[in-house]
Amino acid sequence: MTFDPLLKKPLFGAFKGPKTDTHMLGPIQTVDAPMRHYAPNEEVDVVIVGVGSGGGVLLQRLARAGFRVVGIEAGPFWDTERDWVSDEAGSEQLYWNNLRITGGENPLVFGENNSGQGVGGGSVHWAAFTPRFHPSDFTVHRDTGLGADWPISYWDIKPYYEQIEREMPVSGPPYFPWGDPHGYIYGPHPTSAVPNTLVDGCTRLGIRVSSGGPVAINAGSHADRPHCIYRGFCIQGCKVGAKASTLVTHVPDAIRHGAEIRDRCMVARVNLGKDGNVTGVTYFDKDKREVEQKARLVIVAGYAIETPRLLLNSACPGFEQGLANSSGIVGKYLMAQAGNVVMGRFPDLIRMYKGPPANSLTEEFYETDPSRDFVRGFAIQTVGPLAIGFAKQLMASKGVWGWGMRREMMDYNHYSAFGLLGEILPWEDNRVTLAEGSEDKDSYGLPVAKITFSLHDNDKTLIAFARKKTEEIMWAAGAEDVSQEARYAHLVGAARMGNDPRTSVVDSFGQSHDIPNLFICDGSIFPTQGSANPGLTIQALAIRTADYLITQRENVLARRGGSGEAPPPSLSKELEPWGVSGRGVPRLGGMSKKGYEKDHQHNLEDERAHQHAGDDMRMDVVGPVGTGGG
Ligand SMILES: Cc1cc2nc3c(=O)[nH]c(=O)nc-3n(C[C@H](O)[C@H](O)[C@H](O)COP(=O)(O)OP(=O)(O)OC[C@H]3O[C@@H](n4cnc5c(N)ncnc54)[C@H](O)[C@@H]3O)c2cc1C
Ligand code: SF4
């Protein structure tokens with residue numbers, strides 16, 4: 001607030017909080033429509049537990065399609081103007097910081113590097129890298145004998161990828177060569193020093209690299225959201241509103257179409273009726289009062305930890321080992337990606353905080369290569385830790401503290417950082433269970449999640465190879481000192497989809513095998529995870545689930561189950577959020593399945609040739625070819 005020293009009062013008047021039912025979501029974006037409120041004793045069509053990445057998109061679609069829908073969210077409805085700060089320490093509130101018990105041989109770290117809480121969920125703090133999965137991700141078991149297969153193929157999800165890429169929207173190069181090659185409607189972002197180091201290192205080693213995206217950050221204004229201003233606080237929420245999160249992309253449209261969001265309300269259990277269908281949920285409201293919300297359909301979208309936790313906490317007669325868990329699979333096959341960060345110190349100024357950390361990447365090592373002694377692969381991406389995160393990484397990688405840490409921190413502006421994203425396979429013993437200690441309860445008295453995580457042989461060999469390759473690229477870029485921190489990112493799985501009710505929890509639309517009017521719509525339904533960041537796929541699947549529900553409406557609402565048939569591709573313009581269409585035309589339509597299969601073998605051979613190429617070979621940098629909205 002600015003003070004006039006003479007008048008001794010604020011020049012622009014005191015900052016008044018928003019009026020009831022208005023929300024500031026950025027400097028120029030306001031949800032000014034009054035939110036609908038259903039009475040607690042009123043049965044609604046759908047309750048969605050968690051308004052995050054998956055839940056936020058689904059809420060918007062169902063509201064637009066005329067469902068009476070309530071989203072119940074454990075965290076706050078952020079007012080970005082008032083609640084958010086462009087500051088690392090001040091942004092810890094964006095994370096799910098409640099107690100979780102972690103164990104196994106490679107315990108995962110929770111809190112600040114994990115799931116989100118509050119409307120928008122993890123899409124509020126994500127870096128917004130948005131690559132698609134490759135076609136091979138859907139047939140991992142068929143191709144390698146390890147992991148699992150999806151009950152759908154890449155070609156089933158492709159129309160949904162194209163749709164959600166418009167809705168976020170995703171900025172990227174005109175040609176992205178890996179997986180099913182495709183291009184982006186919005187042009188790529190310009191590069192800064194960190195992306196330049198990845199491009200330099202890859203180019204010197206003959207590795208193809210994409211620059212300027214794909215990222216869900218505006219390279220041009222879009223509807224009522226502005227162009228990115230390149231100040232680097234993306235993981236702190238992006239106060240500007242240029243980065244896509246469901247809070248700014250889908251929630252406003254959901255509210256305008258009659259959805260209700262109850263924030264700061266923690267769902268304690270999903271309730272089962274005598275007829276074997278769910279009847280709604282019980283939650284603790286803002287004042288910790290227990291409230292029951294009846295619904296004809298319940299969709300759990302709470303993240304790969306909280307979704308299995310809620311199902312396990314909802315055990316009841318008939319489902320003693322957890323709701324919808326006749327298979328015993330709920331909680332099992334949890335996955336994290338290897339997320340080692342490699343840091344390199346350069347003689348020149350880098351300044352990692354300049355621009356979004358998500359900018360450049362290579363997927364050259366994504367596919368299984370028979371010449372390596374592990375299956376599947378990894379991606380390498382730019383990351384740009386801010387000062388606190390960087391200090392923690394230095395401590396982990398170099399063991400420095402005290403004066404040694406201060407000395408290293410003086411060189412912060414000379415560091416660049418790459419993150420590898422390695423595909424860890426789904427293993428039965430990597431799982432979520434309920435903690436059993438009498439102390440292991442949250443503030444509502446609910447047992448917290450206990451997570452057990454250990455690497456298996458394939459994972460360890462893959463990570464060792466990926467780490468070495470990432471370090472090689474950093475050295476090749478001209479670093480004079482390279483170190484790395486081992487870490488994990490992006491939890492998915494633990495309630496996986498499949499065709500067989502004995503080995504999976506839900507079908508490909510997220511519908512529970514056991515209970516026809518219970519769905520799951522978040523990353524927990526992934527059978528495998530590839531080496532692509534999961535957010536785009538979570539949101540694409542959310543549109544697919546919504547399409548299914550809209551097509552099957554009375555079948556599922558009347559608790560008769562669905563027909564199991566795939567809905568038509570979701571390109572229906574009337575259900576996308578306001579402001580999406582009429583801007584930009586895709587430059588490339590991608591490839592047909594037949595074309596992909598023909599090219600796939602050729603690409604693999606090509607990739608291997610590049611991997612073994614000599615040091616002096618110059619490779620393509622994919623984008624940028626100009627910036628700005630398309
Ligand atoms: C630092 C960081 C950077 C990342 N960067 C990327 C990236 O660049 N690209 C990418 O694709 N992914 C990225 N991710 C991962 C991404 O954020 C998640 O994969 C994604 O948001 C998960 O979506 P979801 O729908 O499964 O769950 P969430 O988005 O986490 O939504 C779950 C919501 O449910 C709520 N909830 C849970 N339990 C309950 C309950 N019992 N009652 C009521 N509400 C409940 C939670 O509060 C939360 O809001 C990043 C993650 C981190 C930590
Ligand atoms: S760099 Fe761009 S996307 Fe990131 S916080 Fe700033 S405006 Fe938002």
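Read-outs throughout are calculated quantities, based only on the coordinates presented, and are distinct from any laboratory measurement. Just so we're clear, the structure is a prediction, and the values are computed from it rather than from any experiment. Backbone-built Cβ (ideal geometry, glycine too); neighbour counts: all protein chains shown.
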If the convex hull of the alpha-carbon atoms of segment 82-165 is projected onto planes in all directions, what is the mean projected area in square nanometres? 8.7
Counting only DSSP loop positions in segment 438-519, the trypsin sites (Lys or Arg not before Pro) whose Cβ has at most 12 other Cβ atoms within 10 Å are 502
Rounded to whole Å, √(5λ) for the Cα gyration tensor eigenvalues of segment 258-327, largest first, gives 21, 14, 12
Whole number please: convex hull volume per residue of the Cα set in segment 19-153, in Å³? 201
How large are Rg and Dmax for segment 176-273 when only the alpha carbon atoms are used, in Å? 19.0, 63
Could you rank the peptides 334-345, 306-317 by their average count of other C-beta atoms within 10 Å per residue, with the highest value first? 334-345, 306-317
Could you please report the charge total around residue 456, scoring K, R as +1 and D, E as -1 over all other residues with beta-carbon less than 11 angstrom from its beta-carbon? -4
Which log10 I(q)/I(0) values, to two decimals, does segment 410-569 give at q = 0.15, 0.18 Å⁻¹ under the Debye formula with one point per Cα? -0.97, -1.14
Estimated dipole of the chain in Debye, rounded to 20 [Cβ of Lys and Arg +1, of Asp and Glu -1, Cα centre]: 1220
On a C-alpha basis, how far is the centre of segment 363-429 from the centre of segment 158-191 in Å? Whole number, if you could? 25
So if we plug the beta-carbon distance of residue 156 and residue 401 into 1/(1 + (r/R0)^6) with R0 = 30 Å, what FRET efficiency do we get, rounded to 0.05? 0.05
For segment 370-493, rounded, prolate or oblate, judged on the Cα gyration tensor with a ≥ b ≥ c (square roots of eigenvalues), a/c < 1.5 rounded, else prolate if a/b > b/c? oblate
When the chain is fully extended, how far beyond the present Cα-Cα distance does residue 33 get from residue 285, taking 0.36 nm per residue of separation? 88.4 nm
Using only the alpha carbons of segment 205-326, what is the convex hull's orientation-averaged projected area in square nanometres? 12.9
Kirkwood-based Rg to Rh ratio, segment 287-330, C-alpha trace: 1.01
For segment 323-377, fraction of C-alpha pairs farther apart than 12 Å, in %: 82
Listed residue (171, 197, 209) projecting farthest to the positive dipole end of segment 152-215, Cβ model: 197
Which one, 312, 277, 60, projects farthest toward the positive side of the charge dipole computed for the chain from Cβ point charges (K/R +1, D/E -1)? 60
Looking at segment 112-248, I'd like the Rg to Rh ratio, where Rg is from alpha-carbon atoms and Rh is Kirkwood's inverse mean 1/r. 1.00
Would you kindly work out the equivalent ellipsoid of segment 311-411 from its C-alpha gyration tensor and give its semi-axes, the square roots of five times the eigenvalues, largest first in whole Å? 40, 22, 14
May I ask you to derive the FRET efficiency for residue 141 and residue 292 from their Cβ-Cβ distance with R0 = 30 Å, giving the value to the nearest 0.05? 0.15
Mean projection area, nm², convex hull over Cα of segment 434-474: 5.1
Ordering of 526-539, 424-437, 197-210 by burial proxy (mean other Cβ atoms within 10 Å per residue, highest first): 526-539, 197-210, 424-437
Could you give me D for segment 240-399, from Stokes-Einstein at 25 °C and 0.890 mPa s, where the hydrodynamic radius is the Kirkwood radius over C-alpha pairs? Units µm² s⁻¹, please. 118
Which of the peptides 112-119, 346-353, 67-74 is most tightly packed, and how do the rest follow, going by the mean number of other Cβ atoms within 10 Å of each residue? 67-74, 112-119, 346-353
Å³ per residue of the Cα convex hull, for the chain? 162
Given a Förster distance of 25 angstrom, what is the FRET efficiency for residue 85 paired with residue 22, based on the Cβ-Cβ distance and rounded to 0.05? 0.75
Sort segment 124-166 into rounded, prolate or oblate with this rule: let a ≥ b ≥ c be the square roots of the eigenvalues of the Cα gyration tensor; rounded if a/c is under 1.5, and if a/c is not under 1.5, prolate when a/b is larger than b/c, oblate otherwise. oblate
